[in-house]
Amino acid sequence: MAHPDHLALIRKGVEQWNQWRANNLDIKPDLSEANLVGMDLRQANLIYTNFSKADLRNSILSGVSVPGGNFKGAKLSNSKLNDANFPNADFSKSNLKSVDFQGTNLEGANLSSCNLEFVNFLDS
């Protein structure tokens, strides 16, 4: 379950989140099982953040970097994850239906047992 303080911070917006992250680089934020539907997280510092079983449907994570990120069992349908960096991230058992991964680094990412229907992996 998400850490209540981490959830409250991310809901205040990317600017406040990034200020907190800059002062707390040693903390691994826990947003597991969080309801983050429709959030715009562009430019957020999400390194080491745990998103397992989080609901990120219709969210924007374009341009973020989450190497080794934990998205296991997350709901990401209809989200924009384009031009992002997710090397070695675990997306296993996630709902990735209609996700835009265009221009995204997924090298070594685990996409096993995912719903990949209508996913865009291609650069135009």
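The values are calculated or read from the model by the stated rules, or taken from the named source; none is laboratory data. No experiment lies behind these values; they were computed from the predicted model shown. Don't worry about glycine lacking a Cβ; one is built from the backbone with ideal geometry, like all the others, and counts go over all protein chains shown. What goes into the accessible areas is simple: the full protein's heavy atoms, side chains included, and nothing from ligands, DNA or RNA. Shrake-Rupley method; radii C 1.70, N 1.55, O 1.52, S 1.80 Å.
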- request: Quickly work out the Gln43-to-Ala22 label distance, labels modelled 7 Å from Cα along the C-beta direction, and quote it in nm with one decimal.
  value: 1.2 nm
query: On average, how much accessible surface per residue is there in the chain, in Å², for a 1.4 Å probe, leaving out ligands, DNA and RNA?
result: 52 Å²
task: Report the accessible area of Phe118, computed with a 1.4 Å probe over the heavy atoms of all protein chains in place, in Å² rounded to the nearest 10.
output: 150 Å²
statement: In order over the range 69-84: 3J(HN,Hα) from phi, Karplus 6.51/-1.76/1.60, θ = phi - 60°, whole Hz, x for each Gly or Pro, gives x, 9, 10, 4, x, 6, 9, 10, 4, 6, 9, 9, 10, 6, 6, 10
- line: Of the accessible area of the chain, computed with a 1.4 Å probe and all protein chains kept, carbon and sulfur make up a percent value of 45 percent
- line: Of Val37, Val14, Val64, ordered by accessible area with the largest first and a 1.4 Å probe, the sequence is Val37, Val14, Val64
message: Tell me the mean residue ellipticity at 222 nm calculated for the chain from its helices only (DSSP H runs of n ≥ 4, each -39500 (n - 2.57), averaged over every residue, nearest 500).
response: -4000 deg cm²/dmol
task: Pairs of Cα atoms under 8 Å, at least six residues apart: use those to get the relative contact order of the range 7-83, whole percent.
output: 26 percent
- prompt: Any idea what diffusion coefficient the range 18-111 gets from Stokes-Einstein, in µm²/s, Kirkwood Rh on alpha carbon pairs, 37 °C, 0.692 mPa s?
  reply: 256 µm²/s
- prompt: Setting aside same-chain residues fewer than 8 positions from Lys97, which lysines have a Cα under 19 Å from its Cα?
  reply: Lys53, Lys72, Lys75, Lys80
